[in-house]
Amino acid sequence: MRDRKSWNVPASTFAKNTFNPIRNIIENMQIVPHPDKPMIALSIGDPTVFGNLKPAPEIVEAVVEATRRGSCNGYVSSAGTEAARAAVAKYCSVEDKLELQAKDVVLCSGCSCALDMCITALCSPGQNLLVPRPGFPIYTTLAVGLGVQTKDYNLLPERSWEIDLEMLEASIDDQTAAIVVNNPSNPCGSVYSKEHLIAILEVAARNKVPIIADEIYDHFVFEGQEYHPIASLTEEVPVLSCGGLTKRFLVPGWRMGWITICDRGNVLDQEVRNGLQSLSQRIIGSNTLVQGALPTILANTPQSFFTDTLAQIQANAELSYSILREVPGMNPIMPQGAMYMMVGVDMTMFPGLKNDLELVERLISEESVFCLPGKCFDCPNYMRIVLTVPEPQLREACNRIIAFCSRHHASAHVNGLAHANGHVNGCEAESFKNVEKAMVVEVKSGSE
C-alpha cells in the first residue's frame with residue numbers, strides 16, 4: 001500500500017503532449033463580430049453547415065434501409081465488415097493500376113482516425129514525420145502526442161502549391177518514418193499532376209520512406225483537373241491511403257473513414273498490417289449502420305450529385321478569385337479542387353495591422369467576416385476562405401472584405417495625411433472605387 005498524504009492525479013504524458021495548433025489559435029483570438037452585421041463564417045470546413053450542400057437522397061436512403069434491416073446494430077470485426085471493406089476496395093481500385101481487396105482495407109471512425117492509426121502504426125517516439133507547409137495541423141497534433149517530431153516541407157504558391165521537392169528530400173534523415181502527402185489539399189485547394197506525384201514517389205523510393213496519403217478529397221477536383229491516387233502510380237513505394245465519405249459525399253458527421261494498404265512489394269506485410277489490425281481494436285470498429293449502407297452508397301450515388309456539388313464550389317472559387325484579385329494588397333491563388341482558397345496578404349499594404357492574425361480579428365470585429373489566418377497552417381501573410389458558402393453570402397463577404405481593405409490600406413493613411421496637407425494621391429483609392437463599383441454590378445446581376 002502506498003503512503004499518500006494528498007491527492008495528486010496528473011494527466012498522462014500523452015495527454016499533455018497532445019496539442020492542436022489551430023484550436024489554440026482560434027480559442028485565443030478576439031472573435032467579437034460587429035453587432036449590426038450578421039456573421040459570415042468563411043472558416044468552417046464542414047460542407048453541411050450552411051444547408052446549401054446536402055447528401056444525395058440515395059446516400060440517406062441507404063442508411064435508412066440499413067437501419068430497417070436490423071442486422072447492423074451489433075459489434076462487427078474491428079476492421080469492418082467484409083462487405084463494407086470489399087466495397088471500399090472496389091471504390092479505391094484503379095483499373096490496370098491498383099487492385100485492392102477487402103483485406104487491404106481498415107474502416108475507421110472518420111479520416112482523422114485513419115490518419116491517427118497510420119501515424120501510430122508507422123512512427124515511434126524519437127522519429128520524425130514529414131508534413132506539408134501550409135498543411136492541415138492535425139498531422140502535428142497526432143504526431144507530437146506520440147513523441148514524434150514533425151518536419152515541414154514547403155509548398156510553393158507560385159507553382160500552384162506544388163511540393164518543394166529539393167526541400168522534401170533534404171528533410172529526410174535516418175529517423176524519418178513517413179511522408180504525409182495531402183492531395184487534393186486542405187488548405188490550398190491544389191491538385192497535383194501525375195508528373196508531380198511521380199516525382200514525389202521518386203523521392204520516397206530513393207530514400208525508402210513510405211507515404212501516408214491524405215486523400216479525403218479524392219475526385220474532388222474542378223473541371224479540367226484530374227485526380228490520381230498516388231498509390232496507383234507506383235509499384236515500389238508502400239502507401240497507406242486515408243479517405244472516407246466525409247467531404248465528397250457531404251456527410252462528415254457520419255464518421256466513416258478508411259485506410260487502404262497499397263503495398264505491391266509486400267513491404268508492410270511483416271508488421272504494419274498486423275499493427276493496423278491491432279490499432280483498430282482500440283475503438284472496436286466504426287459505425288455499423290454506415291458500414292451496412294456503405295456498399296450501396298459507393299455503388300449507387302449518381303455522378304450527377306458529384307458534378308452538381310463541384311459546379312457550385314468551382315463557381316464560388318471563380319467568383320471570389322475574380323473579385324479578390326482586384327483588391328490592392330490581396331493575392332488569391334486560384335484552387336484546382338477541394339473546398340478552400342488561400343489568399344495572400346501583402347501586410348506592407350496594411351500598415352495599421354501587425355500580421356494576418358490581427359487582420360482576421362479586425363475583419364471579424366468590423367465586418368463580421370471570419371476567415372482563418374495563415375498562422376493556423378504555419379503560413380504567415382495568408383488567410384484561408386471556405387468555398388461552400390451560398391453564393392449570396394459569399395458575394396456579401398467579398399464586398400465586406402473590400403470595404404475593410406479600403407479602410408486599412410496604406411493609401412487610406414497616405415490620403416488622410418494628404419487631405420490634411422491639401423494634397424491627394426488617389427491612384428490606390430481609385431482602385432478600390434473601381435472594385436466597389438464592380439461589386440455593385442455583380443450583386444445586382446446576382447440578384448436578378
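Each reported figure results from applying straightforward, stated rules to the coordinates on display, with no laboratory input. Bear in mind that the values here come from a model prediction, so they are computed numbers and not experimental data. Here the Cβ positions follow ideal geometry from the backbone for every residue, glycine too, while neighbour counts run over all protein chains shown.
A few remarks follow.
- Pairs over the 20 Å Cα-Cα cut-off, from the set Lys151/Lys208; Lys208/Lys247; Lys194/Lys247; Lys97/Lys247: Lys208/Lys247; Lys194/Lys247; Lys97/Lys247.
- Near-label residues of region 30-65 by backbone N, under 18 Å of a point 7 Å along Cα→Cβ of Ala403: 32-42
- Whether region 57-300 is rounded, prolate or oblate, judged on the alpha carbon gyration tensor where a/c under 1.5 counts as rounded: prolate
- Pair Glu235, Met347: separation of 7 Å Cα→Cβ label points (nm): 5.0
- Spacing of the modelled spin labels on Val64 and Glu391, each 7 Å from Cα toward Cβ, amounts to 2.9 nm.
- Residue among Asp36, Asp263, Asp218 with the largest mean-square fluctuation in a Gaussian network model of the chain, springs linking Cα atoms under 10 Å: Asp36
- Max mean-square fluctuation residue, GNM over the chain, Cα-Cα springs under 10 Å, options Thr246, Thr81, Thr348: Thr348
- Protection proxy ranking, peptides 13-23, 123-133, average beta carbon neighbours within 10 Å, highest first: 123-133, 13-23
- Bridge type composition, region 156-264 - antiparallel percent by DSSP, nearest 5: 45
- Proximal charge balance of Pro390 [Cβ under 13 Å; K/R count +1, D/E count -1]: 0
- The Cβ shell under 12 Å around Tyr153 holds other residues with a net charge of -4, Lys and Arg each +1, Asp and Glu each -1.
- For Lys247, neighbours were defined as the other residues whose beta-carbon sits under 12 Å from its Cβ, and their charges (Lys and Arg +1, Asp and Glu -1) total -3.
- Across the chain, Cα-Cα pairs farther apart than 27 Å form 57% of the total.
- Förster-model FRET efficiency, 25 Å R0, Lys97 and Val49, C-beta, rounded to 0.05: 0.10
- Excluding same-chain neighbours fewer than eight residues apart, the aspartates and glutamates reachable from Lys37 by a Cα-Cα span under 13 Å are Glu366, Glu367, Glu396.
- Sites Thr18 and Gln277 - FRET efficiency at Förster radius 25 Å, r taken between beta-carbons, to 0.05: 0.55
- Among beta bridges identified by DSSP and lying wholly in the chain, the antiparallel ones come to about 55 percent.
- In the chain, helical runs assigned H by DSSP with n ≥ 4 each contribute -39500 (n - 2.57); averaged across all residues and rounded to the nearest 500, the mean residue ellipticity at 222 nm is -13000 deg cm²/dmol.
- Most mobile of Arg407, Arg69, Arg248 in a GNM of the chain (Cα contacts under 10 Å): Arg69
- Gap separating the Cα centres of region 187-255 and region 339-390, nearest whole Å: 27
- A dipole drawn for the chain from +1 and -1 charges on Cβ atoms has a positive end, and of Ser77, His408, Phe249 the residue lying farthest that way is Ser77.
- Prolate/oblate/rounded label for region 48-114 (Cα gyration tensor, a/c 1.5): oblate
- Only beta bridges with both residues in region 57-300 are counted; by DSSP, about 45 percent of them are antiparallel.
- Annotation: for a label point projected 7 angstrom from Cα along Cα→Cβ of Ser124, residues of region 210-240 with backbone N closer than 17 Å are 210.
- Under Karplus coefficients 6.51, -1.76 and 1.60, residue-wise ³J(HN,Hα) of region 293-310 in Hz, glycine/proline x: 8, 4, x, 5, 4, 6, 8, 10, 5, x, 4, 4, 4, 5, 4, 5, 4, 5
- Cα shape, region 209-291, gyration tensor, a/c 1.5 rule: oblate
- Long-range amide H partners of Tyr153 with built H, under 5 Å: Val131, Arg133
- Taking the centroid of alpha carbons for each part, region 279-337 and region 92-139 are 19 Å apart.
- Among 192-205, 175-188, sorting by the average number of other beta carbon atoms lying within 10 angstrom of each residue, highest first, gives 175-188, 192-205.
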